[in-house]
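A short worksheet on the structure shown next.
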Amino acid sequence: MNLAALTDCLTSASCLVTQTTSGLIIGMLLFLVAAGLTLIFGVLKVVNFTHGSFYMLGAYLALTVNGLTDSYFLAVLAAAAGVGLFALVFERFFMSKVYGSNVLMQLLVCYAFILILDDAVKIIWGPEFKSMGMATVFQKPPLFIAGGIVPVFYLFLIIVTLILSLVLWLIITRTKFGTVVRAAAVNPSMVSALGINTGLVYSGVFVLGGMLAGLAGGLAAPVRSLTAGMGFSILIESFIVTVIGGMGSIAGALLGSIMIGLVRSFGSIGFPLFVEGLMFLLMAIILILKPSGLLGKEG
Amino acid sequence: MMATRPNLVRDIAIAAVALIILLLLPYVWPSKMVNDLIIRVSAFALFATSLNLLVGYTGMVSFGHGMFFGFGAYAFGLSMQRLGVSIPMAFLITVVSSALLGLVVGAISIRLKDIYFSFITLAFQMLLYSTVIAWVPLTGGDQGLMGGIPRPPFLGIDLSIEAHRYAFAVTIMVVGLLILRQIVESPFGYTLRMIRDNTERATFLGINVFRAKLTAFVIAGVFGAIGGMVMALFVSGAYPEFVNWTMSGEGIFMIMLGGLSTFVGPAAGALILSLLNDVITRGTEHHGLFLGAVILLFALGLRKGVTDFVADWFRLRREASSRSGS
């Protein structure tokens, strides 16, 4: 524990800026993953334990496409599209077969896919840690804000993820697809009785969630080291986020993600060995005070 | 209070016969490979059956049960290495500390229903995992608890001798399963089933659901930890894999594979999965790929545990014979 370092940081503008931006980045990337997870749960009442593997797949796809084309934008697009496609196959041919059965079967299908994808990544990209390095377009001198160093890429990440969150919000609240999705979350049989193909809606939600996770992976690739286990650790963090924010609530996921991001970045200064513990502590406190999460519905 | 349950004598007889067969097996079929397999299966059978007390009997899908398995292994290994106590003492420390862990984790987790409960148990397990990885001076980090666990003799039992180790493991397993069997067949066990089937009704009948669930969670945790302890004795160490989430995943697969509607299903699943893992490990280095494929085949194809099929077969036969009899 190093409380002196933490107080030093909290009273210095430059440290505050640096840590806040790094916290926001952790939080916003986490949000993209957690939003898909919570969306899928909200509509299908299914917990997609493979969601972290989607993120991992996105990161590796971006790594390969970036290496081939040297275009980071293409790489991120490929990550989103590729993972979206994978999510479609996963939902149609595997997950949809166990919707009706008990949660243990769903858990098993996901568990199987986590094992398979982790191994597949090791076979295709090798078992060692991979690093993509900063994309060529972002190899620019960092900005100085109030004395704090902020790499250009960080700013780009924050802006892009904010735009994506806004787009997601517009899709859910303003489009016909969004209306159907929200209706299906409340009463799927009524939606189906109105002549809407709920199976298609479910696939759509899975693809949307998959694309978000793939995007997050692609966006994270330049600043994270890639390894076969990376999917599972972000999955756990997404769970914490969704539990804090309230399962099924996208606004809650945003709030939870930013909280976890800031806890991680400031926690790493004050309690370097206990960062994970801090997240769980935060979750435990919120659960005790409000078991349904900050923005979750009661019950 | 429930001294004369009708099937108690039958259960004890079955357990005694099973124990005698297991104890005689090395004399009939002397093979180190078989011995080692049975010791490992003993550890996993306790682990899986205790998990089924939660999943099958109470309807609490814990995805963090591996936490107790790993905790038991580390608690036992550390008390032997650091405290230099006797094996029965270390056993006692393991049981008490895992009960405390179950009490704390359970008291927080049981507030959450359904899938939230699965999440938070998994989250607690990962917290323990990252602690084990980070606390290098105590746990050896990702290398695991090295240097071997001392095994001083007690009561004429010397666990450094392989035959003693084998007999010890199977005895603990059989006695442990017998105790768990008594628990699920007791009034308390039926209370758990009622909570699973209709929580509201149980509440109306004046049952303290929270306390019953917490008791089940603690009991399951203790037996899971005993499974981990048997494992630690066998490998003479404790490794982070014991605490990792894959342990919980395998536990769930064991009870599904064996069948969660029969008492011995999870133990059968432990045996099948151990055999399967051995075959896969020997045949290929892509363990995850093959195990994943097998799990998919099971989840999308079979959909029922092995003992479920056996139970179905018996039921059909009984129905057929009662039809032809009448």
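The table that follows gives values for the structure above.
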{"read-out": "Expected 222 nm ellipticity per residue - DSSP helices of 4 or more, -39500 (n - 2.57), all of the protein assembly as shown, to 500", "value": "-24500 deg cm²/dmol"}
{"read-out": "Under-5 Å amide H pairs with B:F63, H placed in peptide plane, nonlocal only", "value": "B:T121, B:L122"}
{"read-out": "Descending semi-axes in whole angstrom, ellipsoid equivalent of the stretch B:6-162, from the Cα gyration tensor", "value": "29, 25, 15"}
{"read-out": "Order of B:R318, A:R182 under a 10 Å beta carbon neighbour criterion, fewest first", "value": "B:R318, A:R182"}
{"read-out": "Whole-percent pair-distance distribution, where bins are 10 Å wide, for the alpha carbons of the protein assembly as shown", "value": "3, 15, 25, 26, 18, 9, 3, 1, 0, 0"}
{"read-out": "Cα extents of chain A along the three principal axes, largest first (Å)", "value": "60, 50, 35"}
{"read-out": "Selection from A:S14, A:G252, A:F280 lying farthest towards where the dipole of the protein assembly as shown points positive, charges on Cβ", "value": "A:G252"}
{"read-out": "For the stretch B:220-306, diffusion coefficient by Stokes-Einstein and Kirkwood Rh (Cα), 4 °C, 1.567 mPa s, µm²/s", "value": "93"}
{"read-out": "Inverse of mean 1/r across different Cα pairs in the stretch A:98-228, Kirkwood, Å", "value": "18.5"}
{"read-out": "Cα principal axis extents for chain B, largest first, Å", "value": "67, 50, 47"}
{"read-out": "Ranking of B:D36, B:D142, A:D118 by count of other Cβ atoms within 10 Å, fewest first", "value": "B:D142, B:D36, A:D118"}
{"read-out": "Ranked B:R193, B:R317, B:R165, criterion: other C-beta atoms within 10 Å, fewest first", "value": "B:R317, B:R193, B:R165"}
{"read-out": "Net charge contributed by nearby residues that have their C-beta within less than 15 Å of A:R182 (K/R +1, D/E -1)", "value": "+4"}
{"read-out": "Angstrom value of the Kirkwood radius, inverse mean 1/r, which spans all Cα pairs in the stretch B:167-326", "value": "18.4"}
{"read-out": "Rg [Å, one decimal], Dmax [Å, integer] - the stretch A:176-299, C-alpha atoms", "value": "17.4, 56"}
{"read-out": "Reach of B:K113 by Cα under 22 Å, taken over lysines that are not fewer than 8 positions away in the same chain", "value": "A:K45, A:K290, A:K297, B:K213"}
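No value in this document is a laboratory result; all are computed from the given coordinates. Just so you know, these numbers come straight off a predicted model, no measurement behind them. Note that each Cβ is placed from the backbone with ideal geometry, even for glycine, and that neighbours are counted across all protein chains shown.
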